[in-house]
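Below: the structure, in structure tokens.
The values are calculated or read from the model by the stated rules, or taken from the named source; none is laboratory data. From a predicted model like this one, the values you see are computed outputs, not experimental measurements. FYI the Cβ positions are ideal-geometry reconstructions off the backbone, even for glycines, and counts take in every protein chain you see.
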Amino acid sequence: MISKRNRIFVGILLIYAIGIAFVLYRVLADLDPRYRESAEESLVESAQVMASLVEQDLKDGAIDVSRLQPLFKAVYARPFEAQIFSVTKKRVELRVYVTDRQGRVLFDSLGQVTGVDFSQWRDVRLALKGEYGARTTPDVEGDPATSVMYVGAPVRWRNDIVGAVTVGKPVQSFGQFVDAARRKTLIVGAVAAVSVILLAVIVSVWLVRPFGLVADYVRYVRSQRRLNLPRLGRYALGVLGAAYDEMRDALAGRNYVVDYVQTLTHEVKSPLSAIRGAAELLQEPNMPPEQRQKFLANIQRETQRIQELVDRMMELTALERRQELEHVERVSLRPLLEERVAAANDAAAARQVKVMLAAGDDAVAEGDPFLLRRAVSNLLDNAVDFSPAGGEVTVTLEGGSRVARIRVEDQGPGIPEYAQEKVFEKFYSLARPHSNKKSTGLGLSFVREIAVLHGGKAELGNGEERGAVAVLVVPAVSRPQ
């Protein structure tokens, strides 16, 4: 399981990643409007220059466009190659049209709309009023990729507006700069995010082992006969991963040991007090033999309890240290349950409790058969302990396409509401109804750790009518043929 410190560390990195993603989103969303604003500003100046050029050729207030046609024909045919950062420009895409005071086109640099009434277009209409007019319109209706940005400027003759000049530029011409900027921004953002995450990991490792990491890597580099950068990189990542695992285990291990020591001390205190009290009473010289035997039995029972507690704790500790299963094989669950039910019946017969395996299909899990037997045995022992005399414990195997569920139901008193959130905690135990004594409180913790190692889970709750229902869920591989 992931420790609290590791969850905090991952949470901080996740918050950082979300923050970087939000900033990148905002920056990328603002690129296109900013480039459009820059292009429009350039078009305003170009429109004013062209209007002044047309005004130079006015004759008694009449617009003369005779020299514009050869001018733009030469401009469009002019060969050049301009490398603008990552974009290569090879042709002039600027377009110009001139209208008279009624808005009719007198000249079109592309030769497509000459004579057409453009008085309804915003750039011409506002320019003829002496106001700033601009618009963006696609050449092909419904296709934004063909959009052209237009900016108009008035043509004046002695304080009178006699026409308008409009300069246009396809959005696609500066759209390639937007695309290039987006790519660069994404690359820079990704590199920055990865760099900060690596820096955070390296600093974390440095805080735990500031010199060991470098020493290990230097030792490896010295052992190489020739330089191999990919191999060195893979080894560096491996060293970082191992160092991070070591740091995580070290951080989690301290609290783990403290909790274990405190809980174990608390659990051992009670039987030690009983042993000490019985030993002091046994020193009485005139104690009757039957009383002496009673106290000796108490000492033996409490000593056995301490021994069982220590043994189970060591088993659980060894299980928790595992990161994965060591011995994995396909396990047919129904034969395993039949074996465990038969063994449980022998122990349950003394209390007249019957353990039964319900009819059903088989299921196959991939795991450690020894650990699965231990988990089922713990659940059966727990169910038998809480069953009344003459009661029944029912085991059911529910096989599915993805998971298999092993249900163990008893007819005992069930789990009190106050204990339902604690039953899987280490050393937590409820008194057995028939003896009013508690167990070590490690059995269910053992079951949960086994379930987690197998990629499953363990649950314990109350039945619909009475008793408790324990469920061990493990991934199913396939059904036997």
Self-check item: the range 354-394, residues that are of a type in the set (S, T, N, Q) and more than 11 Å from L337 (Cβ to Cβ)
Solution: N378, N382, S387, T394
Quiz item: Got a number for residues in the range 273-305 being of a type in the set (A, V, I, L, M) and modelled with pLDDT under 70?
Solution: 1
Quiz item: Any residue in the range 77-91 that is part of a helix (DSSP H, G or I) and modelled with pLDDT of 90 or more?
Solution: yes
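Yes/no matrix, rows are residues, columns are (1) assigned by TED's automatic domain parsing to the domain that holds H454; (2) of a type in the set (K, R); (3) closer than 20 Å to Q411 by Cα; (4) surrounded by fewer than 23 Cβ atoms within 10 Å (Cβ to Cβ):
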{"position": "A342", "(1), (2), (3), (4)": "yes, no, yes, yes"}
{"position": "N345", "(1), (2), (3), (4)": "yes, no, yes, yes"}
{"position": "A350", "(1), (2), (3), (4)": "yes, no, yes, yes"}
{"position": "M356", "(1), (2), (3), (4)": "yes, no, yes, yes"}
{"position": "D361", "(1), (2), (3), (4)": "yes, no, no, yes"}
{"position": "L372", "(1), (2), (3), (4)": "yes, no, no, yes"}
{"position": "V376", "(1), (2), (3), (4)": "yes, no, yes, no"}
{"position": "N382", "(1), (2), (3), (4)": "yes, no, yes, no"}
{"position": "A389", "(1), (2), (3), (4)": "yes, no, yes, yes"}
Quiz prompt | Pair list, Cβ < 6 Å and 6+ apart or interchain, from the range 164-175 residues that are farther than 7 Å from M149 by Cα to residues that are at pLDDT below 85 | solution = F174/Y35; F174/A39
Self-check item: Residues satisfying the stated conditions in the range 46-68, i.e. modelled with pLDDT of 90 or more, farther than 18 Å from S173 by Cα and outside any loop (DSSP other than H, G, I, E, B)
Solution: Q48, V49, M50, A51, S52, L53, V54, E55, Q56, A62, L68
Quiz item: Is there a residue being among the hydroxyl-bearing types (S, T, Y), modelled with pLDDT under 75 and either on the phi < 0 side of the Ramachandran plot or in contact with a His (Cβ under 8 Å, 6 or more places away or on another chain) (or both) anywhere in the range 442-459?
Solution: no
Practice problem: Report yes if some residue within the range 329-342 is at pLDDT below 85 and over 17 Å from V473 (Cβ atoms); otherwise report no. | Solution: no
Practice problem: State all residues of the range 127-174 that are assigned to a helix (DSSP H, G or I), loosely packed, with under 14 Cβ neighbours inside 10 Å and among the aliphatic types (A, V, I, L, M); if no residue qualifies, say none. | Solution: A145
Quiz item: Just one of R95, R122 is under 30 Å from A29 (Cα atoms), at pLDDT 90 or above, surrounded by fewer than 17 Cβ atoms within 10 Å (Cβ to Cβ) and of a type in the set (D, E, K, R); which is it?
Solution: R122
Quiz item: Does the range 212-234 contain any residue that is under 34 Å from the mean Cα position of the chain (by Cα) and modelled with pLDDT of 70 or more?
Solution: no
Quiz item: For N378, which of the numbered conditions (1) more than 22 Å from E459 (Cβ to Cβ); (2) touching a Gly at 6+ places or on another chain (Cβ under 8 Å) fails to hold?
Solution: (1)
